[in-house]
Amino acid sequence: MAVSRIGTQNLSRLSKYSDILVAGLVVLILVMMVVPLPAFLLDALLVFNITCALVILLLTMYTKDALEFSSFPSMLLIATLFRLALNVSSTRLILLHGYAGHVIEAFGNFVVGGNYIVGMVVFIILVIIQFVVITNGAGRVAEVAARFTLDAMPGKQMAIDADLNAGLIDEEEARLRRRTIELEADFYGAMDGASKFVRGDAIAGVVITLVNIIGGIVIGIVQLGLPVQEALQRYALLTVGDGLVSQIPALLISTATGIIVTRAAAQSSFGQEVTGQLLAQPRALAIATVLLFIFGLVPGLPKVPFFALAAMSGALTYVVSIYKEAEVKAGKESKEQAPQARQPESVMPLLAVDPLELEIGYGLLSFADETSEDGGLLRRVTMVRRQIALELGLVLPHVRIRDNIQLPPTNYVIKIHGVEVAQGEIMVDHYLAMDSGIVTQPVSGIETSEPAFGLPALWITRSEKERAEMAGYTVVDPVSVIVTHLTEVIRRHAAELLGRQDTADLIENVRKTKPAVVDELIPNLMTIGEVQKVLQNLLREGVPIRNISRILETLGDYAGVTRDPDILTEYARSSLARVISSRYRGPDGEIVVATVDPEIEERIAKLMEAGPDTRMTGQDANFTQAVVSKVADMAGKMAGSGHQPIILTRPGVRFYLKRMIERVLPNVVVLSYSEITDDEKVRSVGMVSLSEN
């Protein structure tokens, strides 16, 4: 235990300085090319080189995913540089001293039997295997993998964004998947270039060997006066040994390169996949057994190897067959134990309806591609959810974006709970230009209407964009047009998007910080459904519910008096007076309003006293029509003067006055005196009155 603990501590301490060790190793490799090394140190480094190559090869065989060994391209460069530095050091020793250590001498004498011609042949064969077979194949696979990975990136990113918008994954998971895609592209791109290191190393090995042989012969004959045969025997044999010592690790590294770039669809280690797939078909083994036995009967062929392999193959066939039969039997038993009656197909998933959908024609698909120049729709829609949360306090459901081939190519449709509520048409490769009121010079374009607010606009080409901006137009790109329309639709239908579960989630969020507020109100005084109706009333008129704790406190104060959602809404609005006042304050710091004749307020109050049924059915239709007409006239005058139409009335009648006019005049704001704080400046520009002026 003590030894294990000490080893773990040393390994942890070593990992802290791993960057220094790697940097020192790279510097040492460069020093080896300049400073002569003693023969014993060269022997140790040659053995270390072979060991590292073998470890890298084994690591690639146990790697399931290429990204598990993402440092391989850089390691390949360092290994190649280290091997070349060893070649330089060994060449220096061979030419200067005619001796380069025991390792090179052993490879020259023992491995090739002391025959430099045999050694040259073996060396050339190893180079051909590495350069022609393995290196070329691995380089081609890396090149194709890099190209296919880059081509598949847009589709993978769209799939991730679609899962994110659908709520299947969170932002952290989406970010992790995007990072994985980027790492895959970087890895295969790096492997495409790293395979060139192996190719260059093979060429360098041949050139170094030839130079060493020629240099050794020249030194032996010219400087040492040796006979040609003796010079060849001494220097050529050492050079061949040096070439073999360097080419064997190079062959291992190039094999590892081929393995790691060809394991694109791996689900387990290399050994498990090979054994599992080769032994998956016992018939293939049985046929191989019969063929080996037949070859053994052919006259002239050696019988012992063929019969021995046939026996081994036959035994393996028998074992695999028994294993497969056991698997099939176990599968049948599990099926028999399972209920035989076919269950009816579940149709429950078909009943699911997305709260908010954006369907686009196929001509607009490039907007959803984050890698394209026109992309950004998915990112902008995500920002809309954040904007609505900050503006209204409403947590939107994920916006599902999907293509619809039944739509015209350049059209889009916005749906709420599966029902179309808005649509628009986009001109791709164009910009939408709107008159900002300060246009100095008109520009040419295709006349249209801005889909969110119905303002007159022009579709202009990219070349006209700069000129339109200089002329005073407000110019927006097509993605902004869609996002603006979507945002405005969400504002208008915010009440419909607030469901019972959403209300419960908002309440639970308040409970985390202010549990007393929630416990007092729910379930003793109000239900979640009643709170939902109050929040929907607020959202219906554009009042933010972000300060929901204040709303719940107000409901707790008055829910014991009445549980009418409409009346409770008015109390909640009064508690949010500062929020409401700030929303309608003009640039000059004033709230410009039109007041209501007290006579109208009195008649509305009498209608309300008649009871809820009368109030909801809208008794006295002539009076209602007259009020709507007068409010419409006043709203037109205020809009013509550049003011937002705001009607100010007393608290008791505000709600009913709003209900009277909202179907005809949905954009007219109706406020009560209790919703204006004391420090606000209010300026009246007229009065809504039934009397003739």
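With θ taken as phi - 60° and the Karplus curve 6.51 cos²θ - 1.76 cosθ + 1.60 applied, the whole-hertz 3J(HN,Hα) list for the stretch 647-663 is 9, 10, 9, 7, x, x, 10, 4, 4, 5, 4, 5, 5, 5, 9, 5, 6 Hz, x standing for glycine and proline. The figure for residue 522 is an accessible area of roughly 30 square angstrom, using a 1.4 Å probe on the protein chains alone. In this structure, the amide hydrogen of residue 649, modeled 1.01 Å from its nitrogen in the peptide plane, lies closer than 5 angstrom to those of 671, 672, 673, counting only residues at least 5 positions away or on a different chain. Sum up the charges of everything whose Cβ sits under 9 Å from the Cβ of residue 552, counting Lys and Arg as +1 and Asp and Glu as -1, but leave residue 552 out. Net charge around residue 552: 0. Amide H contacts for residue 63 (H built 1.01 Å from N in the peptide plane; partners 5 or more residues away or on another chain; cut-off under 5 Å): 270. Surface composition of the stretch 200-242: carbon plus sulfur atoms hold 75% of the accessible area, using a 1.4 angstrom probe and ignoring ligands, DNA and RNA. Across the stretch 214-225, computed HN-Hα scalar couplings (Karplus, 6.51 cos²θ - 1.76 cosθ + 1.60, θ = phi - 60°) run 5, x, x, 5, 5, 5, x, 7, 7, 7, 9, x Hz from first to last residue, x flagging Gly and Pro.
The largest accessible area among 102, 493 belongs to the first residue in 102, 493, and the rest follow in falling order (1.4 Å probe, all chains).
Sorting 681, 658 by solvent-accessible area of protein heavy atoms yields 681, 658, largest first, with a 1.4 Å probe.
In this structure the amide hydrogen of residue 682, modeled in the peptide plane, comes within under 5 Å of the amide hydrogens of 591, none closer than 5 places in sequence on its chain.
Look at where the Cα atoms of the stretch 482-541 and of the stretch 623-693 average out, and the two centres are 27 Å apart.
The values are calculated or read from the model by the stated rules, or taken from the named source; none is laboratory data. Note that the structure is predicted; figures quoted are calculated from it, not measured. Using ideal geometry, Cβ is built from the backbone for each residue, glycine included, and neighbour counts are taken over all protein chains shown. Surface accessibility is based on the protein's heavy atoms, side chains included, excluding ligands, DNA and RNA. Shrake-Rupley method; radii C 1.70, N 1.55, O 1.52, S 1.80 Å.
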